[in-house]
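Here is the structure we will look at, set down as structure tokens.
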Amino acid sequence: MPFKKTDYRNEKLQQADGSKGSSPAVSFFKFRSRGRNAGDFIFQNITRIFALLLLSFVLVMVFEMVRQSIPSINKFGWGFITSQSWDPVQDHYGALPFIFGTLYSSLIALLIALPLSVGIAIFLSEFAPKWLEQPMSLLVELLAAIPSIVYGLFGMFVMTPWLRKTVEPFLGDHFGFIFLFKGPPYGLGMLAAALILTVMILPIITSISRDIMKAIPDTQREAAFALGATKWEVVKVVLTGAKSGILGATLLGLGRAVGETMAVTMVIGNRPDISFSLFEPGHTMASVLANEFTEATSDLYISSLIEIALLLFVMTVILNAIARLIVWSVTKKYNRA
């Protein structure tokens with residue numbers, strides 16, 4: 001029977017398994033022989049610990065918000081969400097004006113930003129030449145990196161005076177019969193907040209929508225051209241394939257708008273009222289936390305503010321989770337194609 005090197009190696013391994021007090025070198029050799037590398041094993045578990053630490057941090061944060069919101073939850077119950085009263089003197093609190101202001105300003109910003117963002121994304125992915133596409137794409141992504149306080153200062157010292165002196169008087173004179181444009185031109189208000197949010201979420205929706213359109217295979221464009229389609233018809237084919245991804249990008253932009261704090265706080269006027277007029281001041285969940293947390297004196301006051309933070313956290317997580325799931329599913333679909 002011919003001698004085989006593999007048989008000799010297996011025999012040595014069996015002897016090592018049966019021997020007592022194996023040396024560290026033999027143990028390491030056994031570890032390697034079972035398909036495991038010590039360095040890989042250590043690195044894998046270290047990264048697992050990092051991931052668990054992040055998850056633990058989020059869970060602890062949620063637990064603390066829930067725990068400190070219990071006094072407000074016990075006193076107001078579901079009425080906290082539906083009540084319009086916010087009276088620190090009487091120690092009675094309701095979050096409806098802030099929920100309304102958050103959703104209303106974000107939706108107005110979304111209505112303005114969505115067509116602009118999709119138009120820019122179409123130009124960058126379908127029409128722009130290579131020498132122009134890269135600089136413009138970089139510029140769009142840089143807009144997303146500008147700190148919100150810079151946007152807030154721009155809104156307060158540049159945009160707000162322009163709205164008060166030019167835009168709002170014009171809208172009031174010509175479209176004052178519409179409920180959106182009723183009231184005196186304060187400058188500070190929902191319109192200013194919506195416009196500043198538009199500028200802030202536009203690069204997010206644009207960059208993600210462009211990436212989604214780029215992910216659609218060129219074979220679809222070529223097939224449309226082969227059937228005699230015009231450039232606009234090809235764009236419609238691309239938009240049809242990218243509509244779910246654009247929806248996800250829109251929800252991501254909405255999540256950014258809902259959670260924005262400083263820029264909105266500086267231009268929205270900070271008045272806890274519910275009004276559909278874009279000229280009227282308002283309040284958001286993030287801005288009331290920024291404005292009043294340091295002034296809160298009673299325990300119930302602090303608990304009510306923390307409950308608002310909990311509601312904002314839940315709203316933002318849901319929106320971002322839905323958006324990420326949609327974008328991931330669309331990208332995975334076209335990567336397989």
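Bear in mind these aren't lab numbers, they're just calculated from the coordinates by the rules spelled out. Please read all numbers here as calculations on a predicted model, not as lab measurements. Don't worry about glycine lacking a Cβ; one is built from the backbone with ideal geometry, like all the others, and counts go over all protein chains shown.
Before moving on, here are some points about what is shown:
- Peptide ranges 257-263, 51-57 listed from the most packed, as the mean C-beta count within 10 angstrom indicates: 257-263, 51-57
- The chain: calculated mean residue ellipticity at 222 nm from DSSP helix runs of at least 4, using -39500 (n - 2.57): -24000 deg cm²/dmol
- Spatially proximal aspartates and glutamates relative to K231 (Cα-Cα < 14 Å; intrachain offsets below 8 disregarded): E126, D218, E222
- Gyration tensor (alpha-carbon) shape descriptor, the chain, a/c threshold 1.5: oblate
- If you take the alpha carbon atoms of the stretch 30-156 and fit the smallest convex hull around them, that volume is 271 Å³ per residue.
- Here the stretch 44-66 is scanned for amide nitrogen atoms under 16 Å from the site 7 Å beyond the Cα of V317 along Cα-to-Cβ, giving 52-66.
- Protection proxy ranking of 137-146, 272-281 - average other beta-carbon atoms within 10 Å, highest first: 272-281, 137-146
- By the equivalent-ellipsoid construction on the alpha carbon gyration tensor, the stretch 280-330 comes out with semi-axes of 30, 13, 7 Å, ordered largest to smallest.
- Estimated FRET transfer efficiency (V60, D299; beta-carbon r; R0 22 Å; 0.05): 0.55
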